[in-house]
Amino acid sequence: MKPRVVGDLFPSRRDLLKLGGVGLASASLDAIWPVQAQAATGFRANPRGNARNVIFYEFGGAISHLDCFDFKESAGTQKDFDVRRIPTGIYLPHALFPRMEKIMDRVAIVRSFVSHEEVHFRGQYYLQTGRPLNVAFAREIPALGSVIALELEQRRREADTFPSYMSFALETNQVGALATGFLPPRYSVFDLNPEQALRGMALDQKAIELLEERWRVLSGLRDLERARMKQYGRSIGAFEDFSVTAKKLLTDPRWPAAFQLTDADRKRYGNTTPGLSCALARNVLQQDAGTHYIHVCHHGWDHHRRIWDRSVEDNHYRLISEADPALSSLIEDLGAIPSKATPGKTLLDETLVVMMGEFGRTPGPLNHVAGRDHHKFVFPALFAGAGVKGGLVLGASDKDGRTCVDTGWEKREQPRIENVVATIYSALGIDWAKAIHNTPSRRAYAYVDPLGAPGYIPIDELSGIYG
């Protein structure tokens, strides 16, 4: 059987879906032009630029906030939680978070978030885009990571071959890995299935030589046909750019090096999808090869039934046992690995880590099927690294975890996902008050949209997490 021209070197669409993939298929390939981002009037942002990288860890499906990071004792509290007051002053179930308990002195908690959304698809879209779903314009809205990739393009070095925006297991949540919208496909996410990725990312010498030879032939054909292909517009250039990027990636020895884990890594992080994802996110940033925004999706937290029933396969006990070693190991390791870019700093010093779900879960006793339902009215998010002051607790819910009693900042309004987005942009040195006006619909795309579901909302960053 003859080998495919590129199939033995580059993944086919089917292979890409197994391994992971880029959010390319639904990108607006017919809407590619020089993006015109302009500073907005009225609100002046002052980006901090305190981070080179961001890792966003999503509790997809909504972790029960009142059983963990905003603990409230209730009729639904399980007897085996072993709740303790830890040195930072908060109460945390020791039996659930024996590892994270030890790193909470590096974590700031904001306990006063509210969401526009209360269903998973819309809530997970909100997390990826920083704005409520509007079906009239959804096709042109880029993912947050794609906007970051656009903004950081000018900072990319000649040696940077890794995608600016990567994710792990985004394919597992309800909305999937979103595309670039009106932005060019080069700013797409590269979403990876961690188990598949670990099975082999390296090319042997023979494959590299074959790749170089075929690339030489392909480049010659492109040169011959370039004048004719121009009539097909910028879409052809986008596909050519994609193949150039893939070729550089496949021949960079840092790429396969990033996908090597020791048995000790697997044991510490947990040999699970979130554990492997966090270990690989650490590796990717350690290579310092161009990736600066990583979204890790830990899906499955939607336990309307039997949330604490160990006899069923899917429950909060199991998912917390995955998150606890994954997140604690990630923060520990980032804090121990020296930065390649800044002498004297660690990766944690230059990486903002954000941990949150799309909303919380209903307070009080468990429901009639021993679970907890959706609750958007108050829930927490966790932040670490990049100068975040560990041990801080900002904002508060009432005694049941049902409503907000302290917003945690100078605003009367509760913070929202938009404010997390502003915080991420600010940390990366991006002016989050900017807007892009030459979109396909001619509707201005604000980096952080001040027009939320209830009307105008504050678009400030969460400056309080820095103490």
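Rule-based calculations on the coordinates, nothing more; no lab input. Please read these numbers as outputs of a predicted model, since none were measured by experiment. Counting neighbours? That spans all protein chains shown, and the Cβs are built from the backbone with ideal geometry, glycine included.
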> Can you list residues whose amide H is under 5 Å from residue 96's amide H, if they're 5+ apart or on another chain and H is modeled 1.01 Å from N?
Replying inline: none
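Compute the length gained on full extension between residue 46 and residue 118: take 0.36 nm times their separation in residues and subtract their Cα-Cα distance, giving the result in nm to one decimal. Provide the component values of the computation, followed by the final result.
Working: separation 72, 0.36 × 72 = 25.92 nm, distance 3.18 nm.
Gain on stretching residue 46 to residue 118: 22.7 nm.
Under 37 °C and 0.692 mPa s, how fast does the range 128-196 diffuse according to Stokes-Einstein, given a Kirkwood radius computed over C-alpha pairs? Answer in µm²/s, whole number.
255 µm²/s
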> Fully extended, how many nm does the chain gain between residue 248 and residue 267 (0.36 nm per residue separation, minus their Cα-Cα distance)?
Replying inline: 3.6 nm
>> Counting only Cα atoms, I'd like the Rg/Rh figure for the range 387-452, Kirkwood definition for Rh.
In response: 1.09
>> Show me, for the range 330-347, the HN-Hα J-couplings you get by feeding each phi into the Karplus relation (A = 6.51, B = -1.76, C = 1.60, θ = phi - 60°), rounded to Hz, glycine and proline as x.
In response: 4, 5, 4, 5, 4, x, 10, 8, x, 6, 7, 8, 10, x, x, 10, 9, 4
> So how far apart, in nm, are the two label points at residue 337 and residue 95 if each is 7 Å from Cα heading toward Cβ?
Replying inline: 3.5 nm
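Counting residues in the range 422-467 as N, plug N into 2.2 N^0.38 Å and put the Cα Rg over that result.
Working: Rg = 12.4 Å, N = 46, 2.2 N^0.38 = 9.4 Å.
Cα-based Rg divided by the globular estimate yields 1.32.
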> Taking amide hydrogens as modeled 1.01 Å from N in the peptide plane, which residues meet the under 5 Å criterion relative to residue 389, leaving out close sequence neighbours?
Replying inline: 466, 467
>> Based on alpha-carbon centroids, what's the gap between the range 126-165 and the range 352-427 in Å, whole number please?
In response: 24 Å
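Provide the convex hull volume over Cα atoms per residue for the range 294-433, in Å³.
On the way: hull volume 19.3 nm³, N = 140.
About 138 Å³ per residue, rounded to a whole number.
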